[in-house]
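Quick notes on the structure that follows.
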Amino acid sequence: MKLKKEYYCIVDENNKPDYRKLFESKEDAYRWVQKIKNSTKGETALFGKNKKDYFVDGLRKEFINPYKKLCIKKGCWSVLRIKKLILMDNFQPEKFFKEIIPDRQNKLIFDKQEAREVDFEFKKPKIKSPQFFKDFVDFKNFDWDTSFIRTKSFAVATSFLFLIVLSFSFFIQKDITEKIAYQLTQNQSMISKKIALNNTKVLGETDQKNNLENKEELDNFVLDTLKKFDQVKKEDLEKEINKIVDGSPMKKMTPLIAQLDNRVAAFMVAIAKKESNLGRRVPVLKGEDCFNYWGYRGLREKMGSGGHTCFDSPKDAVETVSRRISDLVQADIDTPEEMVIWKCGSSCEGHSDYSVEKWISDVEMYFDKFEGVKESNA
């Protein structure tokens, strides 16, 4: 197998590539990094403990948990670096990168094209409240005593917002409870009427038969009610999953994942986010998606790039991977720290301490988003 020319791509501190551009020249890649760093577009989420994640198109509101401390900054605040790629004959970069930038052989033509394709602004926007902006930019030297956060207006606004969120959650829960209670009342009323009619009859073989029928109807009523209640819980779980996977290739798997146990479903989403960015970086077979978003390496007749398993369909992928995760959860491996065996196998000695801790913290960040669903279903 012959080697092709070298390419360069941009990766962040999470080793996540920027799939918008691939460069033949390292100097061109460096210029692209400078543009990103000087740009005010995109947003960086700071989760605490030096955890950062850069979103090129901005951070969607439904992705933010109002109960978790989170700081959002405009532009790219993550550490970007240039990574060298050596591509083989059977690898097609155009399937993953939107644009491949050739070497600057004709500088004049390249500069003219580049001027038309500028995506960023280099001038900093004028801000009417410099002190407000300074409080967020100078995060390390934040002065709590003189900050606007200590003002009464901010405290009132924060309290008001908290009450709105609390009321919204209360009314949603109340609506679900009322629907279930109404259904229980209607079914119980029908059974009570039948029992009252049967009690007026003379005791005998007919009455014994009716009593057995009433008992069977009551059992069926309880089973139907439990099924309806379980359906309500699955709908809530599906909404939580959609908030995270919306806009990604993994969205087509949401109805299947929502049928799983809550903890298993949480691991399915969290591990997929870490291993493939929800299906955006996946192994392929003959240029086709293998539906393997979890880095699963079980031996099969079909094996994709990187030695990963190729599944026949999204349903096959969810059933196979969830069965493995369910077995681990039943073996009391039910936290992100314990689930690191998904990355390391039986031992993490061959991995750096940083990569192991990074895997745990990234999976834990998305796993914790399902805490509200787990508590409501407890």
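Bear in mind these aren't lab numbers, they're just calculated from the coordinates by the rules spelled out. These numbers come from a predicted model, not from an experiment. Every residue, glycine among them, receives a Cβ derived from its backbone with ideal geometry; neighbour counts consider all protein chains shown.
3J(HN,Hα) couplings calculated from phi for the stretch 158-163 with the Karplus curve 6.51 cos²θ - 1.76 cosθ + 1.60 (θ = phi - 60°) are, in sequence order, 5, 5, 5, 5, 4, 5 Hz; Gly and Pro show x.
Report the gain in length on full extension from Gln186 to Glu24: 0.36 nm times residue separation, minus Cα-Cα distance, nm rounded to one decimal. Spell out each step's value before the answer.
Numbers: separation 162, 0.36 × 162 = 58.32 nm, distance 7.01 nm.
Gain on stretching Gln186 to Glu24: 51.3 nm.
Of the cross-linked pairs Lys174/Lys243; Lys35/Lys83; Lys61/Lys83, those separated by over 28 Å at the C-alpha level are Lys61/Lys83.
For the stretch 294-350, GluC sites (Glu not before Pro) are listed when DSSP marks them as loop and at most 14 other Cβ atoms sit within 10 Å of their Cβ; the list is Glu301, Glu337, Glu349. Only lysine pairs 8 or more places apart, or on different chains, with alpha-carbon atoms under 20 angstrom apart are counted in the stretch 257-378, and they number 12. 3J(HN,Hα) couplings calculated from phi for the stretch 66-74 with the Karplus curve 6.51 cos²θ - 1.76 cosθ + 1.60 (θ = phi - 60°) are, in sequence order, x, 9, 10, 5, 8, 10, 10, 10, 5 Hz; Gly and Pro show x.
By the Kirkwood approach, averaging reciprocal distances over each pair of separate Cα atoms, the stretch 237-349 gets a hydrodynamic radius of 14.3 Å.
How would Cys76, Cys348 line up from fewest to most surrounding beta-carbon atoms within 10 angstrom?
Values: Cys76 25, Cys348 15.
Fewest-to-most ranking of Cys76, Cys348: Cys348, Cys76.
What is the calculated FRET efficiency for Ser361 to Asp246, with r their C-beta to C-beta distance and R₀ = 35 Å, to the nearest 0.05?
Details: r = 23 Å, r/R0 = 0.67.
Taking R0 as 35 Å, the efficiency between Ser361 and Asp246 is 0.90.
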